[in-house]
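> Here you go, one structure.
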């Protein structure tokens, strides 16, 4: 039998104290930094079963993860998140120690405060309070927590889900605590995410003297032609829940320090954030078609479309999405918008196992110097999550 953990030096039902404790763990990806060990103690003291599997992949660092569950029957609501954070950068640029978790004037400061230790802490506190308030509530609450969201996302959630499935774990719905709100705690629920596809384009020319252009072939002209063709026609006009797919050129380089030499090659990198009209395969085929039509027999080029696990998906609005929105509206007085904006998240992996929505604190300072979160937002998210749990496990069972 696993020994009981020592008493915690703070109240885990207090989302502010739990956020502070997590921020003080220097869990810069992929280091565990003590954050998962802290959550292990919190969950174990509350009667959860806890596992901390470590996953490996050649060429990548080993990553520790955490799975906790209380309850043995369905329905199963899983709450997901990550404890790894991006590097703080130059400590001297911070107005406070990035791992202090200090609270001043109603604001909690530190790396990970909003992305996403604050959101995770508020949801953990809410789950603990719910079990205290409803010890006989049916169903199960589970937590999927990774240490590999901010890095390559190879040894984290994707493998933790596979590991859980192999053990016979099944999930009905998932709430992911990423910082979804732009300005206030009633702004936005994410019900999907765009996909991300990166392409590397090389145009070949012939190096030569600029004074003898007939003896050279400038690849920059061909590159301009191809990039214009890629971006000349919209990929689509968007859908009911998605903006139009969008291509952005992120680098353009010829590696030529001389002013009197025509370069031999031009290179560009672009990224497309695409909606659920496309798959990576169909989008790659469209890119190939556009380039072939533009190049004809005049431009020699190579296109490398990088493999991606960021595929567009949508959780169709339904009872669970409405339940989350109702909880937000009841606690804040305003109904949140349903959105698919922003970058990618681990929801792209979870969606293959159960419907997933994202809701968390205000994310204005994520990944920035002086990252911070309002104490009032942590308290609000704890209340919203507690109300959601009441609706999910108590109200629906009473109606049934």
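> If one takes the longest principal axis of the Cα atoms in the chain, at what angle in degrees, from 0 to 90 and to the nearest 10, does the Cα axis of helix 118-133 lie?
Tilt of helix 118-133: around 30 degrees.
> Still on this structure, I have one more. Please give the FRET efficiency for residue 337 paired with residue 368, using the beta carbon to beta carbon distance and R0 = 25 Å, rounded to the nearest 0.05.
According to the calculation, E is roughly 0.60.
> Expected output is a single nm value to one decimal: the length gained when fully extending between residue 207 and residue 309, i.e. 0.36 nm times separation in residues minus the C-alpha distance. What is it?
In short, 32.9 nm is gained.
> Specify the angular offset, from 0 to 90 degrees and rounded to the nearest 10, of the alpha carbon long axis of helix 375-389 from the longest principal axis of the alpha carbons in the chain.
The angle comes out near 70 degrees.
> Once Rh is set to the Kirkwood radius over Cα pairs, what Stokes-Einstein translational diffusion coefficient, in µm²/s, holds for region 196-305 at a temperature of 25 °C and a viscosity of 0.890 mPa s?
In µm²/s, the coefficient rounds to 164.
> Relative contact order (percent) for region 196-305, with alpha-carbon contacts under 8 angstrom and 6 or more residues of separation?
Rounded, it is 42 percent for region 196-305.
> A further question follows. How far apart, in nanometres, would the label points at residue 54 and residue 395 be if each is projected 7 angstrom from Cα along the Cα-to-Cβ direction?
Distance between label points: 4.4 nm.
> Specify whether the C-alpha gyration tensor of region 305-381 places it in the rounded, prolate or oblate class, a ≥ b ≥ c being the square roots of the eigenvalues: rounded for a/c under 1.5, otherwise prolate if a/b is larger than b/c and oblate if not.
oblate
> Go ahead and run the numbers for FRET between residue 136 and residue 172, Cβ-Cβ distance against an R0 of 22 Å, rounding to 0.05.
Efficiency at R0 = 22 Å is approximately 0.70.
> Going by C-beta contacts inside 10 Å, put 188, 323 in order with the fewest on the left.
In order of increasing Cβ crowding within 10 Å: 323, 188.
> Let me ask another. Within 10 Å of each residue's Cβ, count the other Cβ atoms and sort 114, 25 from fewest upward.
25, 114
> Here's another thing I want to ask about it. Tell me the Rg and the Dmax, in Å, that the Cα atoms of region 42-197 produce.
For region 42-197, the Cα-based Rg and Dmax read 17.0, 51 Å.
> Against the longest alpha carbon principal axis of the chain, how many degrees, from 0 to 90 and to the nearest 10, is the axis of helix 319-332 turned?
For 319-332 against the chain, the angle is about 70 degrees.
> Still on this structure, please answer the following. By how many nm would the segment from residue 92 to residue 162 grow when fully extended, if each residue of separation counts as 0.36 nm and the alpha-carbon distance is taken off?
Stretched out fully, the residue 92 to residue 162 stretch lengthens by 21.1 nm.
> While we're on this one: Considering region 1-92, what Rg and Dmax in Å follow from its alpha-carbon atoms?
Gyration radius and largest Cα-Cα distance of region 1-92: 14.9, 50 Å.
> How much length is gained if the chain between residue 232 and residue 298 is pulled fully straight, taking 0.36 nm per residue apart and subtracting their Cα-Cα distance, in nm to one decimal?
Stretched fully, the residue 232-residue 298 segment lengthens by 21.9 nm.
> Give, to the nearest whole percent, the P(r) tail of the chain beyond 27 angstrom, counting all Cα pairs.
When all Cα pairs of the chain are counted, 55 percent exceed 27 Å.
> If you wrap a convex hull around the C-alpha atoms of region 251-400 and split its volume per residue, what is the figure in Å³?
176
Computed from the coordinates by the stated procedures, all read-outs in this text should not be read as laboratory data. Keep in mind that this is a model prediction, so the values were computed, not measured. Don't worry about glycine lacking a Cβ; one is built from the backbone with ideal geometry, like all the others, and counts go over all protein chains shown.
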